[in-house]
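Peer 1: Input: one structure, supplied below.
The values are calculated or read from the model by the stated rules, or taken from the named source; none is laboratory data. The model shown is predicted, which means the values in this text are computed figures rather than measured ones. FYI the Cβ positions are ideal-geometry reconstructions off the backbone, even for glycines, and counts take in every protein chain you see. Note: accessible area is taken over every heavy atom of the protein model, side chains too, but ligands, DNA and RNA are not part of it. Shrake-Rupley method; radii C 1.70, N 1.55, O 1.52, S 1.80 Å.
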Amino acid sequence: MRVYLALSARRGRERLAPLLFEAAHRAVGEAFPVPAGVVSSASWTAPGGGAALLGWSNEPEHELLPGILTGRPGRVLGYCGYLTDPGRDADALLAKDDLGDVTAELGGVFSAFRAGDDGVTAATAIARVCPVYHTEARGVRIAGSRALLVHLVARALETGLAEPSVDLAVESLHPLVRHGFFTNDDTPFRGVTALPAATVFEAVPGEPTVIRRLPIPRTGPVPREATGRAKAVRPLAESLAAAAAPLARHREAVTLSLSGGRDSRLMAAALSAAGVRFSASTHGFADDPDVLLGGRVAAALGVEHHVSLAGPEPSRDTVAVPHPFARAHHVVRMCEGMNSAYEQVTAYRRYSPVPRTSGSGGETFRGGFLYDQDDISTDGLLARVRLIFRAAEPIMTPAANALAAAEHARWTDRAERDGFDVLDKLYLYYRTGRWIVGSHSAVLMNSPYYHPFLDNKVIRDVLALPASWRRSEEPFFLLLRELAPGLVQIPPEGKRWRFDRERRPRLSGRRAWRTRAALAPRGRTASFNWRLSRDEAFRRLFTEQIMDGPAALFELVDRQAMADVLADTTGRRWSKQIWHVYTLSVLLSGAWRDPVPRTSRVEIPIPAA
């Protein structure tokens, strides 16, 4: 994982204050959540002292890992994530005067930071899972890859302190309660904003800050003929194989978690088409669809398949889990208060150069929020858009709901014109571009992690296909056929392809329809989600943290409504929001800035069968 901070004075011929650099090196110890002993650093300052780029990394020296900074006379570059062709692409990012022109054309999953005699520039890729955050304080423009780092350096200028306090923008935190992530470009830190997807930030001393959106691919019509539809997905097939190709540079073979699902199957096809050495692994019962279909996929591709069979578990009455406070403490620090502790986020471990990948992110290929949207009437699409912005209104304050209504209103006209496109873009910009960020950063601190489904060129080719057509899953099916024809003969897990199941089944297809139905979970523990437990003692931990927590929480959450939710142990309504509110309470308390707490594990009863 590499962390960057770019600084540019607003006035020409003005030098950056030494306090900025001192504050940055102090703040990175908190904003970069790895042990200090594994962090190395590099920095560059313009000869006139008006611009600088600082970088830190916990990555070891390795032939396939870039250094923290690379440069030429008068200009340096650092990037988060990875580039498809690191040597060529890094040279292009350094050489081109307009960073936006080259960023739009590159493959990889990345964000770029550049500094030179002419100031600093930063850019995001279209999937934005490698973020850029920015603000301005006392005449200094600040951009970085960690929001807390940007905020603490800005606060140092505002307060004159090298180790300032955090100023949380409480009003901006309401989306965290609704969904467990942000559905806008706000952050928890006052004045700090996430740079939108496919956007360039330019700060030249003596000139105004420029924030420039890059063009989004034009969407073509759905081809009428079968040959035309097959041809339409070929550019995407080529870019997906190219996005998987960097994994072949590693000496170590990749292990892919392979299930009967669509996304891991497509990832296996992409790796195979790119010539990447990989083996597949599947865990489950011998007759689980994941095991049966995963074996067929591996056999069709000729790759080794490791199966870890689950045996009958001994009878258990409880499950031991981490205390929710310890979980929230970790998630708030790692995800900088922008994800709920309901989510599982990887913990730090010693960096391993073995590459990793997964099939996450494939929903964009199926239309984003449309992939599970059955009601595609105008009213149905508008209702889904409303839910994205205004969920959980009954437990929020009027002020919080007014903020949500204003954010929703900015998308309403567009949704009325093209609800398909809006649900597609909202997923890319916020579900992918905000929710995945924290967990993606967490895996980057442990190993080189490749995400071909979120590759900059891949996503651009995906967006060239109509969202309404992608929702049908036909492009996904055709893409699979293009990369690995043998895999389309293997039935999908759970449900038939949408383009198939929304047609009236023929007599000859009804038996196949029945055999493709999802299998019900087996046993008491298979379907038990401890996070949603209604156990009284477990629920009491949440009640104490929330109801006795910071008063600022109830500027957003209605106190009486929340008390009623916590007192109700008969249903699961708002169960995820309880985790979201709990996380927000920990964030507002400031306890996440303290050392990791020592907490005992919690025993949660498993409900009777």
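Peer 1: Given charges of +1 on the Cβ of Lys and Arg and -1 on the Cβ of Asp and Glu, with all other atoms neutral, how large is the dipole of the chain about its Cα centre, in debye to the nearest 20?
Peer 2: Working: 76 positive and 66 negative charges, 290 e Å.
Dipole magnitude for the chain comes out near 1400 debye.
Peer 1: Sticking with this structure for a sec: Taking all protein chains together and a probe of 1.4 Å, list T199, T209 from the most accessible to the least accessible.
Peer 2: Numbers: T199 0, T209 45 Å².
Largest accessible area first, the residues go T209, T199.
Peer 1: Rounded to the nearest 0.05, what FRET efficiency do H25 and A464 have when you use their Cβ-Cβ distance and R0 = 41 Å? The partial results should precede the final answer.
Peer 2: Working: r = 44 Å, r/R0 = 1.07.
The computed FRET efficiency comes out at 0.40.
Peer 1: How large is the helix-only mean residue ellipticity at 222 nm for the chain, computed as the sum of -39500 (n - 2.57) over DSSP H runs with n ≥ 4, divided by its residue count, in deg cm²/dmol to the nearest 500? The partial results should precede the final answer.
Peer 2: On the way: 23 runs with 226 residues, N = 609.
Calculated from helices alone, the mean residue ellipticity at 222 nm is -11000 deg cm²/dmol.
Peer 1: How far, in nm, would the chain grow between E163 and H306 when pulled straight, counting 0.36 nm per residue and subtracting the alpha carbon separation? Let's see the in-between values first.
Peer 2: Details: separation 143, 0.36 × 143 = 51.48 nm, distance 5.02 nm.
So the extension gain works out to 46.5 nm.
Peer 1: Separate question: Can you list residues from other chains, or at least 5 along the same chain, whose modelled amide H is less than 5 Å from the amide H of V140?
Peer 2: R10
Peer 1: Provide the gained length on full extension for the span F554 to R249, in nm with one decimal, where the gain is 0.36 nm per separating residue minus the Cα-Cα distance. Each step should come with its number before you reach the end.
Peer 2: Values: separation 305, 0.36 × 305 = 109.80 nm, distance 5.20 nm.
This chain segment gains 104.6 nm when fully extended.
Peer 1: Restricting everything to alpha-carbon atoms, can you work out Rg to Rh for the chain with a Kirkwood hydrodynamic radius?
Peer 2: The Rg/Rh ratio comes out at 0.96.
Peer 1: Another question, then. Taking the dipole about the Cα centre of the chain, with the C-beta of Lys and Arg at +1 and of Asp and Glu at -1, give me whichever of L403, G37, V166 is farthest to the positive side.
Peer 2: Highest projection toward the positive end goes to L403.
Peer 1: A further question follows. Just to verify a number: FRET efficiency for D594 and A409, C-beta to C-beta distance, R0 = 51 Å, to 0.05? If you can, show how the numbers build up before the last one.
Peer 2: Working: r = 40 Å, r/R0 = 0.77.
The formula returns an efficiency of 0.80 here.
Peer 1: Along Cα→Cβ, 7 Å out, is where each label goes; now give me the distance between the ones at S360 and S257 in nm to one decimal.
Peer 2: 0.8 nm
Peer 1: Just want the answer: with Cβ charges of +1 for Lys and Arg and -1 for Asp and Glu, which residue in V332, G361, I376 is farthest toward the dipole's positive end in region 237-377?
Peer 2: Highest projection toward the positive end goes to V332.
Peer 1: Residue by residue, what Karplus-based ³J(HN,Hα) values in Hz, rounded to whole numbers, does region 91-98 have, using 6.51, -1.76 and 1.60 with θ = phi - 60° and x for Gly and Pro?
Peer 2: Listing the rounded values in order: 4, 5, 5, 6, 7, 5, 5, 9 Hz.
Peer 1: Here is a follow-up. Take every DSSP beta bridge whose two residues both sit in region 113-187, then give the antiparallel share in percent to the nearest 5. The partial results should precede the final answer.
Peer 2: Working: 9 of 9 bridges.
Restricted to region 113-187, the bridges split so that about 100 percent are antiparallel.
Peer 1: Still on this model: Leaving out same-chain residues fewer than 8 places away, which lysines sit with a Cα under 25 Å from that of K231?
Peer 2: Here the lysines satisfying the reach criterion relative to K231 are K425, K457.
Peer 1: When N is the residue count of region 314-421, what does its C-alpha Rg come to as a fraction of 2.2 N^0.38 Å?
Peer 2: Working: Rg = 19.5 Å, N = 108, 2.2 N^0.38 = 13.0 Å.
Its radius of gyration relative to the 2.2 N^0.38 Å reference: 1.50.
Peer 1: Can you pull the semi-axes for region 137-207, root of five times each eigenvalue of the Cα gyration tensor, sorted largest first, whole Å? If you can, show how the numbers build up before the last one.
Peer 2: Working: eigenvalues 102, 64, 15 Å².
Sorted largest first and rounded, they come to 23, 18, 9 Å.
Peer 1: Express the carbon and sulfur contribution to the solvent-accessible surface of the chain as a percent, rounded to the nearest whole number, probe 1.4 angstrom.
Peer 2: Details: 12870 of 25590 Å².
Answer for the chain is 50 percent, counting heavy atoms of protein chains only.
Peer 1: Let me ask something additional. Could you give the length gained by full extension between T569 and D117, i.e. 0.36 nm per residue of separation minus their alpha carbon distance, to one decimal place? Don't skip to the answer; put the middle values down first.
Peer 2: On the way: separation 452, 0.36 × 452 = 162.72 nm, distance 6.19 nm.
That works out to 156.5 nm of additional length.
Peer 1: Along region 209-221, what does the Karplus equation 6.51 cos²θ - 1.76 cosθ + 1.60 (θ = phi - 60°) give for ³J(HN,Hα), rounded to whole Hz, x for Gly and Pro?
Peer 2: The phi angles translate into 5, 10, 10, 10, 7, 8, x, 9, x, 6, 9, x, x Hz.
Peer 1: Can you give the accessible area of K231 in Å² (nearest 10), computed on protein heavy atoms with a 1.4 Å probe?
Peer 2: The accessible area of K231 comes to roughly 140 Å².
Peer 1: Which part of region 233-265 falls in the paramagnetic zone of K495, meaning amide N under 20 Å from the point 7 Å along Cα-to-beta-carbon?
Peer 2: Hits in region 233-265 for K495 at 20 Å: 259-265.
Peer 1: Shape verdict for region 52-162, please, from the Cα gyration tensor: rounded (a/c under 1.5), prolate (a/b greater than b/c) or oblate. Don't skip to the answer; put the middle values down first.
Peer 2: Values: a/c = 1.76, a/b = 1.60, b/c = 1.10.
Verdict is prolate for region 52-162.
Peer 1: Kirkwood hydrodynamic radius, computed over distinct alpha-carbon pairs, for region 224-284: how many Å, to one decimal?
Peer 2: Details: mean 1/r = 0.0783 Å⁻¹.
For region 224-284, the Kirkwood estimate is 12.8 Å.
Peer 1: Hey, what do the phi angles of region 376-390 turn into as Karplus ³J(HN,Hα) couplings, whole Hz, using 6.51/-1.76/1.60 and θ = phi - 60°, x for Gly and Pro?
Peer 2: Residue by residue, region 376-390 yields 10, 5, 4, 5, x, 5, 5, 5, 5, 4, 4, 4, 4, 9, 10 Hz.
Peer 1: Under the rule of at least 5 residues apart or a separate chain, name every residue whose amide H is placed under 5 Å from the amide H of M396.
Peer 2: Amide H neighbours of M396, under 5 Å, 5+ apart: D558.
Peer 1: Counting heavy atoms of the protein chains only and a 1.4 Å probe, report the per residue accessible area for the chain as a whole number of Å².
Peer 2: On the way: 25590 Å² over 609 residues.
Heavy-atom accessible area per residue stands at 42 Å².
Peer 1: A follow-up question, please. What FRET efficiency, computed as 1/(1 + (r/R0)^6) with R0 = 25 Å and r the Cβ-Cβ distance, is obtained for V443 and D418, rounded to the nearest 0.05? Before the final figure, lay out each step's value.
Peer 2: Details: r = 34 Å, r/R0 = 1.37.
Between V443 and D418 the formula returns 0.15.
Peer 1: Name the residues whose placed amide hydrogens come within less than 5 Å of the amide hydrogen of H305, ignoring near sequence neighbours (fewer than 5 apart) on the same chain.
Peer 2: Residues meeting the criterion, in which the H sits 1.01 Å from N, are A280.
Peer 1: When every alpha-carbon pair in region 424-471 is counted, what percent end up more than 14 Å apart?
Peer 2: Values: 683 of 1128 pairs.
Summing the P(r) tail past 14 Å for region 424-471 gives 61 percent.
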